[in-house]
Amino acid sequence: MPSTSIVYRAAVRVGTALAPALALVNRKVGEGNRLRPGAAARLVAWAAARRDRARPLVWFHAASVGEGLQAESVLLELRRLLPDCQLVYTHFSPSAEALAHRLPVDAADYLPYDLPDSAERLLGALAPDLLVFAKLDLWPELATRAAARGVVVALVAATVSAGSGRLRWPARPLLRAGYAAVGAAGAVSEADAARLALLGVPAERIRVLGDPRFDSVAARVAAVAPDDPLLGLGRGAPTLVAGSTWPADEVVLLRAFARLRERRPDARLIIVPHEPTVSHLAALGRRAARAGLPQPLPLSEAAGPVPLLAVDRVGALAAIYGGALVAYVGGGFGRAGLHSVLEPAAWGVPVVFGPGWRNSRDAALLLHGGAATALESRTPRAAGDLLFGYWEGWLADEPRRLAAGRRAREIVRAGIGAAQRSAAMLAALISSRLPRT
């Protein structure tokens, strides 16, 4: 049975010791570091009071909200297949806390740091039948100790980008034991399956099942009511909705919008920051002023559509995309990484994003399908001019824009079904185990 190395355990202990110092300069780390210490005790207390050992338990772990949304559709489908199953959900990032609280699970909390004592304590209390990691965020200590107890370790929505740091030294040898403990893996694509094998997952345990994110996005878009007021924010005008933006994205967007307004005064721009903090919105206002634009009005103060709107809350983006003529997805500039392009695509809206898209399989699918455009310039001025040209071009050529939107929607529809296949894999793993007594 694989086990983690002394070097891995030492590295985790050093990282755990440094976390309080890092929390002083990183808000997310600080929030997680504040709430994580009591997580093990809370989960153990839940198990003591409510764990029914006559029923199977599946423990899902998804690091952040992105991985959580991929896991969500699988979890919901598994709940349908096995209604008697108990479900526990853990996450690492504070961004997933709101998602965790709305999932139909029996218990949800932060995952403690990957230390031997914490892993043993939780595995002993929860007694899971399956331990399921979403995407790639597998914790080696937890995985190897679960496998040693006879718990099946699984991966769903497993994807490994060609540029993933996990494929290189020193991460690859440090993490290898954890991946070797995987009993079943549902890979997104054949390329992902091959890279999972490089990480250490036994090839015979890998199946290509697709990406359950498509199911999650399609369900989320379908759940938006036709009379949702958020849909009206962009309708009735040539509106670009920019989702999950960072400052580098916003410089490009504001330059393009300022140029477009000279020719189309009716144009609107809705910016949905990835982190809509007070300081971020204040900085956005200063950037708008430098671009000669009106001050962005916060959504919380808007009585109706305005030329430049800044969304100051989370959870609204899925509906706001539905009113867009064109969508921009942030993260393609800088080091943040491109955010999900599937929500606007599911609405049938053509998508544009920055040059840092090559680690996104979804972005590549849209580009190759003629449903998206990449701004292949890292210079804000040049990228802003490119965006202005595309935006103006889509307004002038409605048939081309509508055709791109249809292709985007078709790509999303073609990807649906992975959640059902992934849940069926997990259900089969449970049914193959001996019944509890």
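Pro294 falls short on exactly one of the conditions (1) in contact with an Asp or Glu (Cβ under 7 Å, 6 or more places away or on another chain); (2) not in a helix (DSSP H, G or I); (3) not polar (S, T, N, Q), and that condition is (1). Per the listing Ala157, Ala148, Ala71, Ala98, the residue uniquely within 19 Å of Ser432 (Cα to Cα) and either touching a Ser or Thr at 6+ places or on another chain (Cβ under 9 Å) or surrounded by fewer than 22 Cβ atoms within 10 Å (Cβ to Cβ) (or both) is Ala148.
Of Leu317, Leu308, all but one fail to be of a type in the set (A, V, I, L, M, F, W, C) and either closer than 18 Å to Leu387 by Cβ or in contact with a Cys (Cβ under 6 Å, 6 or more places away or on another chain) (or both); the exception is Leu308. For segment 27-48, does any single residue satisfy the condition of being surrounded by fewer than 17 Cβ atoms within 10 Å (Cβ to Cβ), farther than 29 Å from Leu209 by Cβ and in contact with a Phe, Trp or Tyr (Cβ under 7 Å, 6 or more places away or on another chain)? Yes, segment 27-48 contains a residue that is surrounded by fewer than 17 Cβ atoms within 10 Å (Cβ to Cβ), farther than 29 Å from Leu209 by Cβ and in contact with a Phe, Trp or Tyr (Cβ under 7 Å, 6 or more places away or on another chain). Annotation note: Cβ proximity below 9 Å between a residue of segment 288-317 that is without any contact (Cβ under 8 Å) to a residue 60 or more places away in the chain and surrounded by fewer than 14 Cβ atoms within 10 Å (Cβ to Cβ) and a residue that is assigned to a loop (DSSP other than H, G, I, E, B) and of a type in the set (D, E, K, R) (sequence gap 6+ or interchain) occurs for Ser300/Asp312; Ser300/Arg313; Glu301/Asp312.
Could you go through segment 195-214 and let me know if any residue there is among the hydrophobic types (A, V, I, L, M, F, W, C) and under 27 Å from Val352 (Cα atoms).
yes
Scanning segment 226-247 for residues that are modelled with pLDDT under 95 and aliphatic (A, V, I, L, M) yields Leu230, Leu231, Leu233, Ala237.
Within the option set Arg261, Arg220, Arg235, Arg268, being buried (at least 20 other Cβ atoms within 10 Å of the Cβ) and of a type in the set (Lys, Arg) holds for one residue only, Arg268. The residues of segment 318-345 that are among the aliphatic types (A, V, I, L, M) and buried (at least 23 other Cβ atoms within 10 Å of the Cβ), listed by number, are Ile320, Ala324, Val326, Ala327, Val329, Val341, Leu342, Ala345. Taking segment 103-139 as the range and being within 21 Å of the chain's Cα centre (by Cα), without any contact (Cβ under 8 Å) to a residue 60 or more places away in the chain and either more than 18 Å from Gly200 (Cβ to Cβ) or surrounded by fewer than 18 Cβ atoms within 10 Å (Cβ to Cβ) (or both) as the test, the residues that pass are Leu103, Pro104, Val105, Ala108.
The values are calculated or read from the model by the stated rules, or taken from the named source; none is laboratory data. None of these values were measured; they are calculated from a predicted model. FYI the Cβ positions are ideal-geometry reconstructions off the backbone, even for glycines, and counts take in every protein chain you see.
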